[in-house]
1. Under a Cβ-only charge scheme (Lys and Arg +1, Asp and Glu -1), can you give me the dipole magnitude of the chain about the Cα centre, in debye to the nearest 20?
2. Aspartates and glutamates near LYS204 by alpha-carbon distance under 18 Å, same-chain residues fewer than 8 away left out - which ones?
3. Using a Gaussian network model of the chain with C-alpha springs under 10 Å, which one of ALA177, ALA16, ALA231 is most mobile by mean-square fluctuation?
4. Hey, any idea what % of the chain's accessible area is carbon plus sulfur with a 1.4 Å probe?
5. Compute the helix-to-body angle for 163-173: its Cα long axis versus the longest principal axis of the chain, expressed 0 to 90° and rounded to tens.
6. Considering only MET39, MET187, MET248, give the residue with the highest GNM mean-square fluctuation for the chain, with springs between Cα atoms whenever their separation is below 10 Å.
7. Per 10 Å bin, what is the whole-percent P(r) computed from every C-alpha pair distance within the stretch 78-166?
8. What percentage of all Cα-Cα pairs in the chain are separated by more than 31 Å?
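The values are calculated or read from the model by the stated rules, or taken from the named source; none is laboratory data. Quantities reported herein were computed from a predicted structural model and do not represent experimental measurements. As a convention, Cβ positions derive from the backbone with ideal geometry for all residues, glycine included, and neighbour counts pool all protein chains shown. Ligands, DNA and RNA are stripped out before the accessible areas are found, and what is left, the full protein with its side chains, is counted by its heavy atoms. Shrake-Rupley method; radii C 1.70, N 1.55, O 1.52, S 1.80 Å.
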Amino acid sequence: MKYGIYFAYWEKEWAAEQIRYISKVKKLGFDILEISCAMLKDISDEKLKELRHEAEAEGVILTAGYGPNASENLASADPEVVKHAIAFYTDILKKLEILNIHTLGGGIYSYWPVDYSKPIDKAGDWARSVEHVREVGKIAGECGVDYCLEVLNRFEGYLLNTCAECKQFVEEVDVDAVKIMLDTFHMNIEEDSMIEAILLAGDKLGHFHVGENNRRVPGKGGFPWYEIGMALRAIGYQKNVVMEPFVMSGGGVGSDIKVWRDLSNGATVEQLDADAKRSVEYLRYVFEGPNSDYRSVLRK
């Protein structure tokens, strides 16, 4: 498995400059930096090439995540919204191909965060989303990108709340590039068993996000990381494990993620770095088994 971290651990805005984190995550012991597609909407070809070159020079794999807004909703009942959404994803996927990014994950079958003041038509949205994800998924396949549908908790989404729902959805789409994405934070809220959910996903699991029950880095909460690692090994998962901690309040990131208190305990950038470094070492140990050279368990 390859291990990564989402850039927003250090940022308060989604569209922040992310190229500077490539060398940082390499030094901290990560294989992967996950970036946000928000930064790709108006990016120049020159910047795309610069980002790819920096990643290749550092030996860092890039993956991408995104929470589409309401105008990018593939499940919308408004044909104009769907038309715009398909054009948006077509543009993004072609940019990901230029960047040599092979994984895109998130609530990329609906929109995020959901506005629950509006009526919910789950059955209708499901049918429309299956149809349009199938179309976009084929484009993703042509671009060499796994289009990974993130299972979200009920407070952030309504269409895919469990692995079982996502597996059914992916089977209805029936496009090789369209896969399941699981996230331990969301699984902890919705699944009867995180272990059984991973086993159910099986070979359809395309991307895996990790974070504690309170969204801190793995090892600073109460999740059964050894058992989670055993389940991943049981299904032969050898893809990406990307931690997605959110510990700072403020800005667009803090507002969207609903971080209303400082979970970092006033940490400096250097302390955030140290926490991330210890956490990825911990994950490598508990996920890869006793042959790892890491022998201490992070419980601070």
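1. 880
2. In chain and number order, the partners are ASP146, GLU150, GLU165, GLU171, GLU172, ASP174, ASP176, ASP183, GLU191, GLU196.
3. Of ALA177, ALA16, ALA231, the most mobile in the Gaussian network model is ALA16.
4. Carbon with sulfur: 50 percent of the solvent-accessible area.
5. 40
6. Checking each option, the largest mean-square fluctuation is seen for MET39.
7. The calculated distribution, bin by bin, is 16, 48, 31, 5.
8. Considering the chain, 24 percent of its Cα-Cα pairs are separated by more than 31 Å.
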